[in-house]
(Lines give C-alpha, C1' and ligand atoms only; values in the text may rest on other atoms or scores of the structure.)
Protein backbone atom coordinates (compact mmCIF):
# COMPACT_ATOMS: atom_id res chain seq x y z
CA UNK A 1 0.00 0.00 0.00
CA UNK A 2 1.32 3.42 -0.94
CA UNK A 3 1.24 6.21 1.55
CA UNK A 4 -1.14 8.98 0.52
CA UNK A 5 -0.07 12.47 1.57
CA UNK A 6 -2.74 14.73 3.04
CA UNK A 7 -2.72 18.05 4.82
CA UNK A 8 -4.69 18.81 7.95
CA UNK A 9 -4.89 21.98 10.03
CA UNK A 10 -3.09 21.47 13.28
CA UNK A 11 -1.88 23.85 15.99
CA UNK A 12 1.72 24.97 15.40
CA UNK A 13 3.80 26.91 17.93
CA UNK A 14 4.64 30.45 16.63
CA UNK A 15 8.11 31.93 16.87
CA UNK A 16 8.64 35.49 18.19
CA UNK A 17 8.68 37.05 14.71
CA UNK A 18 5.34 35.40 13.82
CA UNK A 19 3.75 36.60 17.09
CA UNK A 20 4.86 40.20 16.34
CA UNK A 21 3.51 39.92 12.79
CA UNK A 22 0.12 38.61 13.97
CA UNK A 23 -0.03 41.42 16.58
CA UNK A 24 0.55 44.07 13.87
CA UNK A 25 -2.15 42.51 11.68
CA UNK A 26 -4.58 42.49 14.62
CA UNK A 27 -3.89 46.21 15.25
CA UNK A 28 -4.62 46.97 11.56
CA UNK A 29 -7.89 45.06 11.81
CA UNK A 30 -8.82 47.01 14.95
CA UNK A 31 -8.22 50.30 13.10
CA UNK A 32 -10.39 49.13 10.21
CA UNK A 33 -13.16 48.17 12.63
CA UNK A 34 -13.00 51.61 14.31
CA UNK A 35 -13.15 53.41 10.94
CA UNK A 36 -16.12 51.32 9.82
CA UNK A 37 -17.92 51.98 13.10
CA UNK A 38 -17.47 55.75 12.56
CA UNK A 39 -18.76 55.44 9.01
CA UNK A 40 -21.71 53.41 10.27
CA UNK A 41 -22.45 56.04 12.92
CA UNK A 42 -22.44 58.81 10.29
CA UNK A 43 -24.56 56.71 7.96
CA UNK A 44 -27.05 55.93 10.74
CA UNK A 45 -27.32 59.67 11.49
CA UNK A 46 -28.04 60.39 7.80
CA UNK A 47 -30.63 57.63 7.72
CA UNK A 48 -32.29 59.06 10.86
CA UNK A 49 -32.46 62.52 9.22
CA UNK A 50 -34.18 61.07 6.16
CA UNK A 51 -36.58 59.02 8.28
CA UNK A 52 -37.56 62.17 10.21
CA UNK A 53 -38.08 64.16 7.00
CA UNK A 54 -40.16 61.34 5.51
CA UNK A 55 -42.33 61.32 8.65
CA UNK A 56 -42.88 65.09 8.41
CA UNK A 57 -43.87 64.79 4.76
CA UNK A 58 -46.22 61.90 5.51
CA UNK A 59 -47.96 64.06 8.12
CA UNK A 60 -48.21 66.99 5.68
CA UNK A 61 -49.71 64.75 3.02
CA UNK A 62 -52.13 63.12 5.45
CA UNK A 63 -53.32 66.41 6.99
CA UNK A 64 -53.09 68.33 3.69
CA UNK A 65 -51.62 71.26 5.65
CA UNK A 66 -48.17 72.50 6.62
CA UNK A 67 -46.86 75.28 8.82
CA UNK A 68 -45.67 78.36 6.98
CA UNK A 69 -44.87 81.93 7.93
CA UNK A 70 -48.04 83.98 7.45
CA UNK A 71 -48.40 87.72 7.98
CA UNK A 72 -50.54 88.54 11.01
CA UNK A 73 -51.45 91.61 13.00
CA UNK A 74 -52.77 92.48 16.44
CA UNK A 75 -56.15 94.18 16.53
CA UNK A 76 -57.73 95.86 19.55
CA UNK A 77 -61.40 95.11 20.26
CA UNK A 78 -62.36 97.72 22.83
CA UNK A 79 -65.95 96.45 23.14
CA UNK A 80 -64.77 92.95 24.08
CA UNK A 81 -61.71 94.42 25.86
CA UNK A 82 -59.43 92.03 23.96
CA UNK A 83 -56.32 92.23 21.85
CA UNK A 84 -56.66 89.69 19.04
CA UNK A 85 -54.01 88.23 16.72
CA UNK A 86 -55.49 87.80 13.21
CA UNK A 87 -54.10 86.23 10.05
CA UNK A 88 -53.95 88.80 7.25
CA UNK A 89 -54.89 86.28 4.55
CA UNK A 90 -57.97 84.69 6.15
CA UNK A 91 -58.70 87.03 9.11
CA UNK A 92 -58.74 83.87 11.25
CA UNK A 93 -58.25 84.53 14.96
CA UNK A 94 -55.05 82.84 16.14
CA UNK A 95 -55.02 84.00 19.73
CA UNK A 96 -56.44 86.64 22.01
CA UNK A 97 -55.73 88.12 25.40
CA UNK A 98 -57.39 90.60 27.71
CA UNK A 99 -56.77 94.27 27.01
CA UNK A 100 -54.29 95.57 29.60
CA UNK A 101 -53.80 99.04 31.03
CA UNK A 102 -50.59 99.27 28.99
CA UNK A 103 -52.55 98.49 25.81
CA UNK A 104 -54.98 101.29 26.67
CA UNK A 105 -52.04 103.71 27.24
CA UNK A 106 -50.57 102.81 23.86
CA UNK A 107 -53.88 103.56 22.17
CA UNK A 108 -54.10 107.07 23.71
CA UNK A 109 -51.42 108.76 21.53
CA UNK A 110 -53.17 107.51 18.41
CA UNK A 111 -56.43 109.06 19.58
CA UNK A 112 -54.64 112.32 20.33
CA UNK A 113 -53.13 112.31 16.82
CA UNK A 114 -56.56 111.88 15.24
CA UNK A 115 -57.93 114.85 17.21
CA UNK A 116 -54.92 117.00 16.24
CA UNK A 117 -55.37 116.07 12.58
CA UNK A 118 -59.07 117.06 12.73
CA UNK A 119 -58.17 120.39 14.37
CA UNK A 120 -55.50 121.14 11.77
CA UNK A 121 -57.98 120.40 8.93
CA UNK A 122 -60.54 122.75 10.42
CA UNK A 123 -57.93 125.51 10.82
CA UNK A 124 -56.83 125.18 7.17
CA UNK A 125 -60.36 125.58 5.79
CA UNK A 126 -61.04 129.15 4.65
CA UNK A 127 -63.69 130.99 6.61
CA UNK A 128 -66.63 132.39 4.66
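In this structure, does residue 12 turn out to be assigned to a loop (DSSP other than H, G, I, E, B) and either modelled with pLDDT of 95 or more or at positive phi (or both)?
yes
Given the options 17, 66, 39, 30, name the one that is surrounded by fewer than 11 Cβ atoms within 10 Å (Cβ to Cβ) and touching a helix residue (DSSP H, G or I) at 6+ places or on another chain (Cβ under 6 Å).
Checking each option against the conditions leaves just 66.
Test of understanding: among 90, 78, which residue is free of Cβ contacts under 8 Å to residues at least 40 places away in the same chain and farther than 30 Å from residue 105 by Cβ?
90
Out of (1) assigned to a loop (DSSP other than H, G, I, E, B); (2) closer than 30 Å to residue 99 by Cα, the odd one out for residue 75 is which?
That leaves (1) as the condition not met.
The values are calculated or read from the model by the stated rules, or taken from the named source; none is laboratory data. Worth saying up front: this structure is predicted, and the values here are computed from it rather than measured. Because the Cβ atoms are built from the backbone with ideal geometry, glycine has one as well, and the counts that use them run over all protein chains shown.
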